[in-house]
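Here the structure is laid out as structure tokens; the discussion comes afterwards.
The values are calculated or read from the model by the stated rules, or taken from the named source; none is laboratory data. The structure displayed is predicted, hence computed values, not measured ones. With ideal geometry, Cβ positions are generated from the backbone for all residues, glycine too; neighbour counts draw on all protein chains shown. Keep in mind that these areas ignore ligands, DNA and RNA; they rest on the heavy atoms of the full protein, side chains included. Shrake-Rupley method; radii C 1.70, N 1.55, O 1.52, S 1.80 Å.
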Amino acid sequence: MSLKDVIHDIEGYQDIASEIAVLKKYGFDYSAQRGQLESILDMLHPKKLRLRISEIIEETRSAKTLRLVPVQSYLPPFQAGQYISLVVEIGGVVTSRDYSMSSPPSQIGYYDVTVRRVGDGFVSEYLLDEAKPGDEFTSSSPAGNFYYNPLIHGRDLVFIAGGSGITPFMSMIREAAGRGLDRRIHLFYGSQSPDDIIFGQEIEDLSRRHSNFTWTSVISDPPQGYQGRAGFISAGLMEEVLGDLSDKMFFLCGPEAMYTFCRKELASLGVPGRRIRIEMYGPPKNITACQGWPESIDAGATVSVSMKGGKTITVRSTEPLMNSLERSGIVIPSLCRSGECSLCRTKLLKGKVFQPEGVKLRKSDRQFGYIHPCMAYPISDIEILLQ
Amino acid sequence: MPEYDAVVIGAGNGGLTGALTLARAGRKVLLLERHNVPGGCATSFVRGRFEFEVALHQLSGMGSAERPGPLRSVLNDLGVMDKLEFVEMENLYRVVWPDTFDITLRAERNAIVETLQERFPKEKDNIPRFFDLVYSFSMEMVQGLFFKDPNISKEKYPLFFKYALTPTQKVLDEYFSDPLLKAVLSIYWSYAGVPPKWFSFGDFAIMLFAYIEFKPYHLKGGSQALSNALLDEFINNGGEVRFNCGAKKITTKGGRVTGVTTEQGDTVQTRYVLSNTSMLQTYLDLMDPDQVPRETLDGFRSTSIGPSAFSIYMGFDCEPEELGIQETTNFITTTTDMDKAFARWKTMEQQGVALLTCYDVSDPDFSPPGTCQAAYVALQYGDPWYLVPPHQYYDAKYRYAQGMMELAEKVFPGIQGHIEEMEIATPMTHLRYLGHLGGAIYGHDQYTKDTQYFMANRSPVQGLYFAGAWASQGGFQPTLTSGRSSAKAILKSMAKK
């Protein structure tokens, strides 16, 4: 005898069984919900976006804004400061780069991404020189953790931007101005020369119209006779402009060198880590200069990468593993390309990789040998498991 | 076309234990996971210097090495115990009602009885009587039900037959008159997601009994460590896993599973599928309509999509003491009216009931030195979030979170000023990562009518099996266990061939 035979003896069983019988007859017919899950998801977090360039706006001699409209459907919401990962195919290599939206979240018709020429920018050059209205791209949904949180960031904000690092701030400033948000913002904007200031006119106009928004432009490489502020965004400058720093929340977005400099300056001013948010910036320009890089491995070193059950390739130690894989036609999932999001998480079976400080590995991922190839540099022959 | 003995869809708790059980039996198994990391709910994510625990609050059924509970035995059998380090929690929980009431119960029967007697002197005699019932009932349930006594009968197990399906509220009303005492004792109803009036005493009693007898646990590295350990052992046993690759279609022929097509478009042959995704979604979205019998879909009419959660993950720039956090498990309440609290789960109204878990109290290594973290959760259905227009979503999310933080501030004044990292998950976030309608975290609603006694867990499709909350109950122990039992059923069926 099993429970099945005596189950009717459980007090209340009969009543519940008849309730079920009624519900089975009149309850909701779930077959109507076929496909519903995906359509709900598409409202907020579609897996991929199909975007078309509707317009290209010349911002400065070295920067353009690509206005991206949805090919089908509509654009999901984002938080000012977030980015999309734009997939491009250049000369047969499929890769992707992250671009923060410079348009505000309240603009629901398009996303603006603003691209600036960088010295050896594989993708930026393509977008600036080759891309044209009508071109279509695939991108990720908006992502990233560099945004304002009203619960913990207070109302007194300081934005420190360097070069194209202005883009997430432009979205935040446009949003605050456009929606009349109760925030005070001061922007420090460092550019190389006055010609490099992106959105200069609009920023100036906004600061005139809105008493809660002010800005300071700082030129690192001023032309002769330049009247404005020159130099770097230093502790002295911040103190002079901002006065009392307590309760202020600092947001930084710009090149690596600016982070190194401004971090020190903020520390010297006694700003606690909790009040500083720094946008990630991708792989370092020169990995061999990173703390912990093994001295024995020079810039020209190559190693072999074998994929379990697949092919073996030769790669440079100083290039992120993900980029090397892409060069040989192996595209693994990517999003942040800064070691943060873990989308590219891959198991290392043999050998060693160097992962600079700041790569956000889970403790147990470390324990079980996982790496983030977008910020992992193979420093010996390695074997990986592509899953 | 590649062929596997079995394909497991989803690397959640049930999928992982299921896949590992099959691989350990020497079967060729493919595990498909749409996300980039194993675990489903049992996972973590990194922000700043914090690795946040997503879902595990108190692991039940572990027990000590000397006195192992059922879950420890399962994990032992799966060969993962040597990769994991478990942390026992001394206390069951704290229940705090700001400015009104505050009590902490140790995870020990006599201590609980004494603490409650001291606080509720009028109920002095009723308290030990109630625990006698919980214990005697649970012993009967273990003997009769779990150990499958072939001579099970009403006469042999009178308490089980009397109370298994009785609403918890009814039993509480029978024993006590103080509503506050009833609220304190039944606070685990929120772990089940069903208010006491619809929560079967059988499920409630065994849960309370198990937490007290086997103690609540956590583990070093959080639930992600468990998921990673299970997956590692799966790979070591020859299992094959694909991340960022969900299943798109289960193909059948003549009422029998024949294969699985992945999201990447390739098809594999198999005669067995263990689905760790929701049962409903499996039938609706992974199978063609003509392959699912009408009666099977009609079977779901008596069920409803269960609750999701609104979760705030917080990393603090100080130790727990500085925030006034002394307990790992803090249930915060502002009412004894659980029906009303439950009704609000379907609205955007603040509930006044929430759970704040600070892992660092039991495990000081959980967060970096000088910091700590908390998972702060209120259960909520997905429904009200469907009504939020996408472009108001983030505003709505912050507004709801702010309401919850105001409640937390009443218990831990100044807490908000110490937050260094914060991530907020709404039911829509859970919907996104779990792929369940409603963002359900415990499967369908677990009313008494939805308990194991009434469930037809056999699939009409031969070779199709289920694991996880939708196939059993929500929570870690049930889902981990369900994967193992379903895999055993598959092995049994394979052996018959």
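Across peptide B:303-310, how many C-beta atoms of other chains are within 10 Å of each residue C-beta, on average?
2
Working only with C-alpha atoms, what are the Rg and Dmax values of the protein assembly as shown, expressed in angstrom?
When restricted to Cα atoms, the protein assembly as shown yields Rg and Dmax of 28.7, 101 Å.
Can you list, largest first and rounded to whole Å, the semi-axes you get for the range A:287-385 by taking the square root of 5 times each eigenvalue of its Cα gyration tensor? Display every interim value, and only then the final one.
Working: eigenvalues 61, 58, 33 Å².
The answer is 17, 17, 13 Å, longest axis first.
Run the reach check for residue A:25 against aspartates and glutamates, Cα to Cα strictly under 12 Å, same-chain hits fewer than 8 apart removed. What comes back?
Correct list for residue A:25: B:295, B:298.
If you take the accessible area of A alone, add that of B alone, and subtract the area of the pair, what total do you get in Å², probe 1.4 Å, to the nearest 100? Could the numbers behind the result be given before it?
Working: alone 20980 and 20800 Å², together 35190 Å².
Buried: approximately 6600 Å² between B and A.
Counting only protein heavy atoms and a 1.4 Å probe, tell me what percentage of the protein assembly as shown's accessible area is made up of carbon and sulfur. Kindly include the intermediate steps, with their values, before the conclusion.
Numbers: 17050 of 35190 Å².
Ligands and nucleic acids excluded, carbon and sulfur reach 48 percent.
State in Å² the accessible area per residue of the protein assembly as shown; use a 1.4 Å probe, count heavy atoms of protein chains only, and round to the nearest integer.
About 40 Å² of surface per residue is accessible.
Of the peptides B:94-102, B:208-216, A:374-382, how do they stack up when ordered by the mean number of other Cβ atoms within 10 Å, highest first?
A:374-382, B:208-216, B:94-102
Run the numbers for residue A:74 and residue A:264: contour at 0.36 nm per residue of separation, minus the present Cα-Cα distance, in nm.
Working: separation 190, 0.36 × 190 = 68.40 nm, distance 4.28 nm.
That works out to 64.1 nm of additional length.
Which of rounded, prolate or oblate describes the range A:129-246 when judged by the alpha-carbon gyration tensor and an a/c cut-off of 1.5?
oblate
Looking at the range A:1-110, which GluC sites (Glu not before Pro) are DSSP coil and have at most 14 other C-beta atoms within 10 Å of their C-beta?
A:11
Take the Cα atoms of chain A, find their three principal axes, and give me the spread along each one in whole Å, biggest first.
Principal extents (largest minus smallest coordinate, Cα): 98, 55, 48 Å.
If you take each beta carbon of peptide B:144-153 and count the beta carbons of other chains within 10 angstrom, what is the mean?
Averaged over the peptide's residues, the number is 3.
So, R0 is 30 Å and r is the distance between the beta-carbons of residue B:104 and residue B:177; what FRET efficiency does that work out to, to 0.05?
Given R0 = 30 Å and the Cβ-Cβ separation, E is 0.85.
Name the residue, out of A:103, A:73, A:31, whose mean-square fluctuation peaks in a Gaussian network model built on chain A with Cα pairs under 10 Å.
Of the options given, A:31 has the highest mean-square fluctuation.
Considering just Cα atoms, how many Å³ per residue does the convex hull of the range B:109-213 enclose?
Numbers: hull volume 10.0 nm³, N = 105.
Output value, Cα hull per residue: 95 Å³.
Pick from A:347, A:360, A:311 the residue whose mean-square fluctuation is largest in a GNM of chain A, springs joining Cα atoms under 10 Å.
A:311
Nearest 5 percent is fine: what portion of the DSSP beta bridges confined to the protein assembly as shown is antiparallel?
Numbers: 91 of 138 bridges.
Percentage antiparallel, nearest 5: 65.
Taking R0 as 45 Å, what's the FRET efficiency between residue B:139 and residue A:130 from their Cβ-Cβ distance, rounded to 0.05?
With R0 = 45 Å, the Cβ-Cβ based efficiency is 0.05.
Regarding chain B, what whole-number volume in Å³ per residue does the convex hull of its Cα atoms give?
Taking the convex hull of the Cα positions in chain B, it is 151 Å³ per residue.
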